[in-house]
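Taking it in order: structure first as structure tokens, then the write-up.
Quick note: the coordinates plus some simple rules give every number you see, no bench work behind them. Values in this document were obtained by computation on a predicted structure and should not be read as measured data. Cβ coordinates were reconstructed from backbone atoms using ideal geometry, including for glycine residues, and neighbour counts include every protein chain displayed.
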Amino acid sequence: MIFGVEEKPLARVLPPVIVLALAAGVGLAFFVAALVRPPELPVDRNPAPLAGHTLCAAVVVTYASEEDMRAAVPSLRGDPKVRRVFVDPPSVSLLAVPGTDLKAWAQELHARYRSAERVTVIDLDAAAAQLRLTAPPPKCPREGEY
């Protein structure tokens, strides 16, 4: 005895198959992105001495005196873009969280901290590109210091 198999029209079968394939693709993309994503950098906003650190991507806020610098440090530590704080009287060197535009951040800090004498950007990669050096310095790591 032969049983008849009901044939489903293609229009009823195709949409669930497409949805399943798209869901699998999105899941695979998130999985690969999680594997490829670099680890989060540690955030330590407690001021540390600058001695012994070679910064290659940072914002330096310079004050007229050590007292002015020490008065500004607590509010600088509270900035959500700050990842590390280094002090070297009378200046504060700030490493940013990844993805921060250092120039824009420096302008923002300059507008916010009027008592600062100077706000400068250390960006050795940009400086090397601008100078078109024949032997550029080593690429600045994501951490902002060598």
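Would you kindly calculate the mean projected area, averaged across all directions, of the convex hull enclosing the Cα atoms of region 21-107, in square nanometres? Spell out each step's value before the answer.
Values: hull surface 30.4 nm².
Dividing the Cα hull surface by four gives the mean projection, 7.6 nm².
Would you mind ranking Tyr113, Tyr146 so that the residue whose beta carbon has the fewest other beta carbons within 10 Å leads the list?
Tyr146, Tyr113
So how many Å³ per residue does the convex hull of the Cα atoms of the chain work out to?
Measuring per residue, one finds 234 Å³ for the Cα hull of the chain.
Once the piece of chain linking Leu14 and Arg118 is laid out straight, how much longer is it, given 0.36 nm per residue of separation minus the C-alpha distance between them?
Once the chain is fully extended between Leu14 and Arg118, it gains 31.0 nm.
For the pair Val97 and Leu133, what calculated FRET efficiency results from E = 1/(1 + (r/R0)^6), where r is the Cβ-Cβ distance and R0 = 30 Å, to the nearest 0.05?
0.60
May I ask which residue of Pro49, Val121, Ala72 lies farthest towards the positive end of the charge dipole of region 44-131, with charges of +1 (Lys, Arg) and -1 (Asp, Glu) on Cβ and the Cα centre as origin?
The one lying farthest along the dipole's positive direction is Ala72.
Can you compute the modelled spin-label distance between His53 and Val26, with each label point 7 Å from Cα toward Cβ, in nm?
The answer from the label model is 4.1 nm.
Express in whole angstrom the spacing between the alpha-carbon centres of region 113-146 and region 37-64.
For region 113-146 versus region 37-64, the Cα centre distance is 13 Å.
Using the number of other C-beta atoms within 10 angstrom as an exposure proxy, rank Thr54, Thr100 with the fewest first.
Values: Thr54 8, Thr100 18.
Fewest to most other Cβ atoms nearby, the residues stand as Thr54, Thr100.
Which of the helices in the chain, when you take each full DSSP H run, stretch at least 27 Å along the axis at their Cα atoms and have an average Kyte-Doolittle score of 0.0 or higher?
Values: long enough: 10-36 (38 Å, 2.30).
Answer set is 10-36.
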